[in-house]
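Have a look at the structure below before the remarks.
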Amino acid sequence: MPGLLRAVARTAVVAGTATAVSNRVSGRQAGRWAEQDSRLRTASQPPAAPAAAAPDPAADDMTSKIDQLKQLADLKAQGVLSEEEFEAQKRRVLA
C-alpha cells in the first residue's frame, strides 16, 4: 500500500508540474503573439491624418476594449487560452 500511495503522489506532482509549465509557456507565447500582432498592426497602418477635432476619449477607450476582446477571443479559439483564462482576462478588460 505505501508503494502505491508513493506512486500516486509522484504522478500527481509530475502532472501538476507539467500543467504549471504548460500554462506558463502558453501565457508567454500568447504575450509574444500579442506583441508581434501589435507591432504588425502599427507598421501596416498608414500615418493618420490630423483630425479637425480631438477624438472622444470614451470612444477610443471602447474601441481599445473591443480590440482587446477580439484578440482574447482569437487566442481562445486557437486553444491558447482556456475558458477560465478567457473569462478572467475579459473581466479585467471590461473592469
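Some values worked out for this structure:
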{"read-out": "The one condition in (1) modelled with pLDDT of 85 or more; (2) open to solvent by 50 Å² or more (accessible area, probe 1.4 Å) that residue 23 fails to fulfil", "value": "(1)"}
{"read-out": "Residue under evaluation residue 16, criteria (1) free of Cβ contacts under 8 Å to residues at least 24 places away in the same chain; (2) open to solvent by 90 Å² or more (accessible area, probe 1.4 Å), criterion not met", "value": "(2)"}
{"read-out": "Members of the stretch 56-78 found to be modelled with pLDDT of 85 or more and either among the β-branched types (Val, Ile, Thr) or part of a loop (DSSP other than H, G, I, E, B) (or both), listed by number", "value": "63, 66, 78"}
{"read-out": "Flag if residue 35 is in a helix (DSSP H, G or I) and at pLDDT 85 or above", "value": "no"}
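The values are calculated or read from the model by the stated rules, or taken from the named source; none is laboratory data. Computed from a prediction, not measured in an experiment: that's the story for all the values here. Positions of Cβ are backbone-derived with ideal geometry, glycine not excepted, and every protein chain shown enters the neighbour counts. The accessibility values were calculated without ligands, DNA or RNA, using every heavy atom of the protein model including side chains. Shrake-Rupley method; radii C 1.70, N 1.55, O 1.52, S 1.80 Å.
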